[in-house]
Structures are given as C-alpha cells and as structure tokens.
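*Asks:* Right, I'll just put the structure down here and ask away after.
The values are calculated or read from the model by the stated rules, or taken from the named source; none is laboratory data. Since this is a predicted model, take the numbers as computed values, not measurements. Every residue, glycine as well, gets a Cβ built from its backbone with ideal geometry; the counts of neighbours run over all protein chains shown. Surface areas here come from the heavy atoms of the whole protein model, side chains and all, with no ligands, DNA or RNA. Shrake-Rupley method; radii C 1.70, N 1.55, O 1.52, S 1.80 Å.
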Amino acid sequence: MSHNYTDSVIRMLGEVRVAPAPTAVWGELERELGVRLPDDYKEILGRYAPIQLNGHLFLKHPSTHRWNLGRWMEETVQAFSRSDLTDLERLGFIDPVFGAPSGLIPLLNTDRGEDLFGVVEGGAGEWRLFSCDGDEALYYEYNMSFSEWLYRYLIGEDMFGPGSGVFYPGPIVFESMPMSEAERSVRWEGPERGM
C-alpha cells in the first residue's frame with residue numbers, strides 16, 4: 001500500500017485559515033503555462049497559500065494580486081534564464097531551458113534563496129522535481145510527487161541538496177503574507193504533530 005503524502009501534509013498543516021480561492025484560477029494559469037500542474041500541488045496551495053511555513057518556505061497562489069504565483073513564476077524564469085546552467089547538464093538536460101511548457105517551471109521558494117522547479121516528462125505527464133540551493137546554483141533531482149517532497153521538507157529532510165534540512169520540532173508555524181502595505185503579518189501554529 002502506498003503512502004498518501006497529500007493527506008499526510010494536510011494533517012500536518014491542519015485547519016485552513018484562509019478562504020479558498022476559486023479553482024478556475026488554476027485553469028487560467030495552466031492555459032498561460034501550456035501545461036497541467038500537479039494535482040497535489042494545486043490542492044495544497046489551493047488550501048493554504050499565500051503563506052510562509054516555518055519561517056522559510058513560501059507558498060504563493062494564482063488568485064492573489066500581491067503574492068501572485070503566475071507573476072512570480074514568470075519573474076523567476078526570467079531571472080534563471082540568465083544564469084549558468086552547467087549543473088543542469090550534469091543531471092541529463094541536453095539543452096536546459098526554464099519556463100513552460102517543456103522547461104523547468106518554478107513551484108516555490110524560500111527566504112534562503114532556494115527554489116523548487118518541476119518539469120513535465122513528455123506525453124506521459126509525469127513530473128520531475130529539481131531543487132536549486134541558491135548559493136552555487138547546484139541542482140538536485142527528487143523523484144517523487146510534490147506532496148512527498150513537501151512532507152519530507154517539513155519533517156526536516158535535505159530537500160534542497162545535502163545539508164539543507166531545517167527541522168523545527170512541534171507544530172508547523174504559519175505566517176500570513178499581507179495583501180496590502182497596511183496589513184500586518186499574523187503568525188499561528190498548526191496542530192501538534194508529535195515531533
């Protein structure tokens with residue numbers, strides 16, 4: 001029996017504190033990208049984003065103006081397209097490219113300069129995940145679903161390369177991402193997770 005990582009992440013994060021956005025915004029973003037995003041990615045971000053988890057990990061959403069996922073994806077693709085892609089060739093990319101539909105698509109980032117990208121494999125629609133550590137632009141491949149990657153990140157595993165793990169015992173700490181200059185950030189904790 002396989003582990004349902006989406007359910008495990010939702011149990012770990014707990015109750016939703018923001019009003020869910022209409023699911024139509026995901027269709028609009030996918031049409032712009034020319035690719036269907038992973039279902040578990042859309043489900044988790046649809047429930048919780050925009051939010052910062054445990055002081056580092058940012059989850060953005062396509063329906064918000066200030067923390068807009070689509071705009072952030074576009075800006076990140078532009079920034080990375082100008083970077084050294086030598087390390088991606090080590091991972092088997094013949095002609096590495098950023099951006100949808102066939103290149104590396106930014107999925108999330110941290111305040112430590114780390115980024116997670118996904119790329120769709122041909123007609124099968126399978127996703128491969130690649131993290132970038134930010135310091136030296138070293139890329140690491142993770143052959144797993146987005147929800148498994150997020151679960152492992154939240155329990156402190158090295159999900160942005162060797163030595164990158166950040167483990168915080170106790171509940172996940174949430175920090176809201178203000179929707180205007182006047183709004184203040186709010187912090188709260190998820191459910192106890194026995195760690």
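*Asks:* Against the longest principal axis of the chain, how steep is helix 39-48, in degrees 0 to 90 to the nearest 10, with axes from Cα atoms?
*Replies:* Compared with the principal axis, the helix lies near 40 degrees.
*Asks:* Could you list which residues have their amide H under 5 Å from that of Trp127, counting only those 5 or more apart in sequence or on another chain, with H placed in the peptide plane?
*Replies:* Glu121
*Asks:* How much accessible area per residue does the chain have, in Å², with a 1.4 Å probe?
*Replies:* Accessible area per residue, the chain: 50 Å².
*Asks:* How large is ³J(HN,Hα), in whole Hz, for each residue of region 125-134 in order, when computed from phi with the Karplus curve 6.51 cos²θ - 1.76 cosθ + 1.60 and θ = phi - 60°, using x for Gly and Pro?
*Replies:* x, 6, 9, 10, 10, 9, 9, 10, 6, x
*Asks:* List the residues whose amide H sits under 5 Å from the amide H of Leu104, counting only those 5 or more places along or on another chain, with H placed 1.01 Å from N in the peptide plane.
*Replies:* HN-HN under 5 Å from Leu104: Val97, Phe98, Gly99.
*Asks:* Turning to a different aspect of this structure: What are the ³J(HN,Hα) values, in whole Hz, obtained from phi via the Karplus relation 6.51 cos²θ - 1.76 cosθ + 1.60 with θ = phi - 60°, for each residue of region 109-119 in sequence order, with x given for Gly and Pro?
*Replies:* Result, ordered by residue: 8, 10, 7, 9, x, 8, 9, 10, 10, x, 9 Hz.
*Asks:* For Asp87, Asp39, give the ranking by accessible area with the largest first, probe 1.4 Å.
*Replies:* The most accessible residue leads, giving Asp39, Asp87.
*Asks:* Note down the relative contact order for the chain as a percent, whole number, built from C-alpha pairs under 8 angstrom at least six residues apart.
*Replies:* 21 percent.
*Asks:* Using 0.36 nm per residue of separation minus the Cα-Cα distance, give me the extension gain between Asp158 and Glu141 in nm, one decimal.
*Replies:* Extra length from Asp158 to Glu141 when fully extended: 4.9 nm.
*Asks:* Shifting gears a bit: Relative to the compact-globule scaling 2.2 N^0.38 Å, provide the ratio for the alpha-carbon radius of gyration of the chain. Each step should come with its number before you reach the end.
*Replies:* Details: Rg = 16.2 Å, N = 195, 2.2 N^0.38 = 16.3 Å.
For the chain, the normalised Cα radius of gyration comes out at 1.00.
*Asks:* Sticking with this one: Would you mind giving the three semi-axes, in whole Å and largest first, of the ellipsoid equivalent to region 45-125 according to its Cα gyration tensor?
*Replies:* Ellipsoid semi-axes (Å, largest first): 24, 15, 12.
*Asks:* Further question on the same structure: Taking the Kirkwood radius as the inverse of the mean 1/r across Cα pairs, report the Rg/Rh of region 86-146.
*Replies:* We get a ratio of 0.94 for region 86-146.
*Asks:* Compare the Cα positions of Phe93, His65, Gly125 along the charge dipole of region 36-155 (+1 at Cβ of Lys, Arg; -1 at Cβ of Asp, Glu; about the Cα centre) and return the one farthest towards the positive end.
*Replies:* So the residue furthest toward the plus end is His65.
*Asks:* Moving to a separate point now. Kirkwood hydrodynamic radius of region 9-89 from all distinct Cα pairs, in Å?
*Replies:* About 14.1 Å, per the Kirkwood formula over Cα pairs.
*Asks:* From the phi angles alone, apply the Karplus equation (6.51, -1.76, 1.60; θ = phi - 60°) to region 168-180 and give each ³J(HN,Hα) in whole Hz, x where the residue is Gly or Pro.
*Replies:* Residue by residue, region 168-180 yields 10, x, x, x, 5, 9, 9, 9, 5, 10, x, 8, 8 Hz.
*Asks:* Compute the normalised compactness of region 139-195: alpha-carbon radius of gyration over 2.2 N^0.38 Å, N being the residue count.
*Replies:* Here the Cα radius of gyration is 1.41 times the empirical estimate.
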